[in-house]
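Comments concern the structure below.
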Amino acid sequence: MNVDAEKIVFWQQSAPDLLKRLNTSAAGLSSSEAADRLKQSGPNMLRPPRKRALFIQFLARFKNPLVIILLIASAVSAFTGDVTSFLIISAIVVMSVTLDFIQERRAGKAAYRDLCVHVPDRLGHDRRYAVDASKTKAELGWAPAQRFEAGLSDTVRWYLENRAWVESVQRKAQYERERLGLGAGKSRA
């Protein structure tokens, strides 16, 4: 089953159609089906970004056009015998590239960490935190209070029980989009 390729617009489908399309039921997935999907798709986790050697990442900072211009100016200073200018420009370039490398590395780590932590929950609720359950027990000494299947079942059950409320929120959102001129979107039949 390739759900991504089908581009499901789940909020515009009836619950029975959605359950059928996702090949599940209101009670959730069976343990064997959940295990099969886990084998087929892997755990629901982001892949870590492809890592390059730190030295290569540092050298990539020298591709900046301003850095190249400064290095050329430094080389010209060295060839003309102005050692002081050569040393000053070279030091500025090295400090600039080093600070840029450190800042970019920290920002990349923070952005990836933020992507992994906050996961939107169902409508009307606060955000939950996505926790890698395989590491939780080893690092913190406790296991999740609820199995994946039970959590999925609870979520589907909540959605089915609160379908009218969800549709009213969708109608309000549609009205606001139209009022603000952000596009009519698809209307429900």
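Against the definition (assigned to a helix (DSSP H, G or I) and in contact with a helix residue (DSSP H, G or I) (Cβ under 6 Å, 6 or more places away or on another chain)), how does F62 come out, yes or no? Working first, answer last.
Details: assigned to a helix (DSSP H, G or I): yes; in contact with a helix residue (DSSP H, G or I) (Cβ under 6 Å, 6 or more places away or on another chain): no.
In short, no.
Out of F101, F79, report the one residue that is over 32 Å from the mean Cα position of the chain (by Cα), on the phi < 0 side of the Ramachandran plot and of a type in the set (F, W, Y). Working first, answer last.
Working: F101 fails: over 32 Å from the mean Cα position of the chain (by Cα).
Result of the check over F101, F79: F79.
Got a sec? Which of A138, A130, A145 is touching a strand residue (DSSP E or B) at 6+ places or on another chain (Cβ under 9 Å) and modelled with pLDDT under 70?
The unique qualifying residue is A130.
Restricting attention to region 63-102, report how many residues are exposed (fewer than 13 other Cβ atoms within 10 Å of the Cβ) and out of contact with any Lys or Arg (no Cβ under 9 Å at 6 or more places or on another chain). Steps first, answer last, please.
Taking region 63-102 as the starting set, the residues that turn out to be exposed (fewer than 13 other Cβ atoms within 10 Å of the Cβ) are 63, 65-66, 68-69, 72, 79-81, 83-84, 91, 94-95, 98-99, 102.
Going one step further and asking which of them are out of contact with any Lys or Arg (no Cβ under 9 Å at 6 or more places or on another chain), we end up with 63, 65-66, 68-69, 72, 79-81, 83-84, 91, 94-95, 99, 102.
Total meeting the criteria: 16.
Here is a check on your reading of the model: is L29 under 27 Å from E167 (Cβ atoms), in the same structural domain as R157 (by TED's automatic domain parsing), outside any loop (DSSP other than H, G, I, E, B) and among the hydrophobic types (A, V, I, L, M, F, W, C)? Full working, then the answer.
Numbers: under 27 Å from E167 (Cβ atoms): yes; in the same structural domain as R157 (by TED's automatic domain parsing): yes; outside any loop (DSSP other than H, G, I, E, B): no; among the hydrophobic types (A, V, I, L, M, F, W, C): yes.
The answer is no for L29.
The values are calculated or read from the model by the stated rules, or taken from the named source; none is laboratory data. Model, not experiment: these values are computed from the prediction. Positions of Cβ are backbone-derived with ideal geometry, glycine not excepted, and every protein chain shown enters the neighbour counts.
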